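Coordinate-derived values only; no laboratory data. Just so it is clear, the model here is predicted, and its values are computed rather than measured. So basically every Cβ, Gly included, is an ideal-geometry build from the backbone, and we count neighbours across all protein chains shown.
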Amino acid sequence: MDKDKEGYLTPPKYAEVLGVGEEKILGLIRTGELTAIDVAKADSQRPRYRISPEARAAFERSRRVAPPPPPQTRRVRRKATGDVVKFF
């Protein structure tokens, strides 16, 4: 692989990194959520995608999950003072 092509991954390799199926990565490429380049010949019927490190970083940034908000403290109900009449 050329020095300038280092770091490019195929969809199966990137799927392995993320722990998902290859079809999931191909679907993300088809919908445009993940950018890739097609290194196949112009007259080829089948695409040969390569995903750059920059495209992977942008995709992972777009899918980053925000940490959950801190739990709210529950308000404690205060018991009423001596003005309550007990019937039982």
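The table for this structure:
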{"quantity": "Cα Rg, Dmax, segment 1-77, angstrom units", "calculated": "18.5, 74"}
{"quantity": "Cleavage-rule hits, GluC sites (Glu not before Pro), segment 1-58, DSSP coil, Cβ neighbours within 10 Å at most 10", "calculated": "Glu6"}
{"quantity": "Contact order normalised by residue count of the chain, Cα under 8 Å, 6+ apart, percent", "calculated": "23"}
{"quantity": "Cut-off 11 Å between beta-carbons: net charge of the residues surrounding Asp38, Lys and Arg +1, Asp and Glu -1", "calculated": "+4"}
{"quantity": "Distance in nm between pseudo-label sites at Val65 and Thr31 (7 Å out along the Cβ direction from Cα)", "calculated": "1.7"}
{"quantity": "Extension gain (nm, one decimal) between Gln45 and Ala57, 0.36 nm per residue minus Cα-Cα", "calculated": "1.4 nm"}
{"quantity": "Net charge, Val17 excluded, C-beta distance under 11 Å - Lys, Arg +1, Asp, Glu -1", "calculated": "0"}
{"quantity": "Fully extended contour minus Cα-Cα distance, from Arg75 to Lys24, at 0.36 nm per residue", "calculated": "13.8 nm"}
{"quantity": "Along the chain, longest interval not containing exposed trypsin sites (Lys or Arg not before Pro), exposed being DSSP loop plus at most 15 other Cβ atoms within 10 Å", "calculated": "1-40"}
{"quantity": "Fewest-first sequence of Asp38, Asp43 by Cβ atoms within 10 Å of each Cβ", "calculated": "Asp43, Asp38"}
